[in-house]
Amino acid sequence: MKFSGKLLLWTTIIIALTLGLSGYYFVNYVFRTSLQREIGQALDENSILRFAFETAALNVPVKYNLLQDSSVEQIASNLETGGQGTGRLLRISDEEKLVLYASDGFETDGALLDTVQENQYSYRVIRLGDRYYIQTGSSVNALGRVLHLETLRDVSQVFAERDMGFTVFRRLTALMLLLDIGIMYFIASKLTQPIRLLMQATKEMAAGDYSYRARKVSNDELGQLTQDFNHMSEALEQTIGQLEGEVQAREDFVGAFAHELKTPLTSIIGYADMLRSRKLDEEKSLLSANYIYTEGKRLETMSLRLLDIIVTKKEGIRAQKVQAEVFFEYLRSMFLPNGDMEFVFSYDEGVMWADVSLIQTVLVNLIDNACKASETGGRIEVKGYAGQAGYRFTVRDFGIGIPGEELSKITQAFYMVDKSRSRSRNGAGLGLALCTEILALHGSQLEIESMPGEGTTAGFILQEGEDGREHG
C-alpha cells in the first residue's frame, strides 16, 4: 500500500474511533440524564401517592381501629382514578406482600418489595413487552397497618430517544467519514507530493539522467529533504562527471601511451632490422645505432617518469626545513655547464618545508620544459621570492609560448603542445604531470602564465619555515 493510502486509512480509522467513542458517550450521557430525571419524578410521584393514601386512610370510618382491605381497595381505586390521563399505574400489597389492589397492566413480580424498608424508597427499571417502566416502592403506615405501595412510570420515550440518537449519530458519522475521506485524500496527496517528486527524481537518475532535480513544493521537513536530495544529486553529478573525466583521461592516457610506445619502437625495430638483415657501411651503421640509442633513451625517460608519478601518488613525502640556497646551488651545478642556454639564477634567502629530492625534480622538469620551448642560446630565468604567502619559485623562458586553450591541458600525461619539437628532444609529455602530483603532496599547485611568441612563466609556492627571511 502506498504511503498516501496508509495515511488516509489510519486517519479514517482514528476519526471513526474518535467520533464513535465521543458520540456513544454523548448519547448515553443524554440518556442517563433523562432517565435520572424520570426516576426522580417517579419517586416524587410515589411520595405524593403515599401521603395521599395516608391522608385518605385517616378519613375512612374503621371498625376495631383497623383499616379494612375493602377500604384499602377503595382508596387505591380513587388514587388511580384521580390520575386519569397521566398513565398512572399502582399496586397495594398487605403486610404479607399479598396484592390487595393492582391497576390493569401492573403485572410485575414482587421482587422490589424485598428491598423496601420503612421510610425509604426503592426503584428499578424494568421492561414489559416492548415498553420500559420505572417501578418504585415504599411502605405506607395507615391506621396501624404497614402496607406496600408500588407505582409504574412509563419511560419508553426516553429509550426511544436514545435509540433515535444512536441512529442519527450513525448516519451523521457515516456522512462525516465520507466527507473526511475526501478531505484527507486531498491533504494526503498534497503532503506526499514531495515524496512522489523524489521518487520520480530517483527513477530519472537511475535511468541515467543525473541532471534531473526534484521540484521543491514546500518549506517543511519534506521541502528540506528535497533540497538536501538536490544537493546530493549535484554532488553525485559532479562526482560522476569527475569519474567520467577520469575514465576518459585514463583512456586518453592509454591511447597516448600506446602511441608514444609505437613511435620509438617502430624506429628501433626498423633500424635494428636494417642492422640485422643487411651489411651497412660504417656511417649508416653508426646512424642506425644512434637512432636506436636515442629512441631507447626516450623510452627510458618516459618509463622512469611514469614510475615517478605512480610512486609519488602512492607514497607520502618526507618534508623538512630546507634553505632556498640548497635548491639553487643544485640547479647551478645541473644547468650552468650547459652552453646551449643562458641561465639566470636569483633568489631571496629563506627556509621552507619540502621534500628536497621531489622539489628538485619539479624544478628540473620546469627548466627542462623551458629549454625545449626555447631556441638555442635562449634566456632562462630561475628566481625565488620570500613573501607572506610562502616561498615562491618561478621559471621563465622567452620561447614559443603556449596558446590559451592549451594551458588547461598541459599538465595531462603525454600531452605536448608542440609534439615534433618535444619528441626531437626526447620529450614524452610527462614532466608537468609529475610536477602536479609532487606539488599536490606539498599542498601547493603549479601556476602557469604564457603568451604565444613571448614565453612562459611557471611557478609554485611552498610554505615557509620559521627561519624564513627576505634578503635582497
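The values are calculated or read from the model by the stated rules, or taken from the named source; none is laboratory data. Just so you know, these numbers come straight off a predicted model, no measurement behind them. FYI the Cβ positions are ideal-geometry reconstructions off the backbone, even for glycines, and counts take in every protein chain you see. The area values use the complete protein model at the heavy-atom level, side chains included, leaving out ligands, DNA and RNA. Shrake-Rupley method; radii C 1.70, N 1.55, O 1.52, S 1.80 Å.
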Checklist entry - From a point 7 Å beyond the Cα of GLN200 in the direction of its Cβ, which residues of segment 216-242 have a backbone N at a distance under 13 Å? => result 216-217
Next on the checklist: Which one, LEU58, TYR132, LEU90, is farthest towards the positive end of the dipole of segment 1-148 when Lys and Arg carry +1 and Asp and Glu -1 on their Cβ?
Outcome noted: TYR132
Checklist entry - How do the peptides 321-334, 433-446 rank, highest first, by the average count of neighbouring beta carbon atoms within 10 Å per residue? => result 433-446, 321-334
Next on the checklist: Given points 7 Å out from each Cα along the Cα-Cβ axis, report the THR376 to GLU282 separation in nanometres with one decimal.
Outcome noted: 2.5 nm
Checklist entry - Stretch GLN117-LEU178 to full length: gain in nm at 0.36 nm per residue minus the Cα-Cα span? => result 16.4 nm
Checklist outcome for this item: Counting only protein heavy atoms with a 1.4 Å probe and every protein chain in place, the carbon and sulfur fraction of the accessible surface of segment 128-256 in whole percent equals 60 percent
Checklist outcome for this item: Length gained if MET451 through PHE345 is fully extended, taking 0.36 nm per residue and subtracting the Cα-Cα distance, is 35.9 nm
Checklist entry - In percent, what relative contact order does segment 127-243 have, based on Cα pairs under 8 Å that are 6 or more apart in sequence? => result 14 percent
Next on the checklist: Take MET274 and LEU9, extend 7 Å from each Cα along the Cα→Cβ direction, and tell me the distance between the two endpoints in nm.
Outcome noted: 8.6 nm
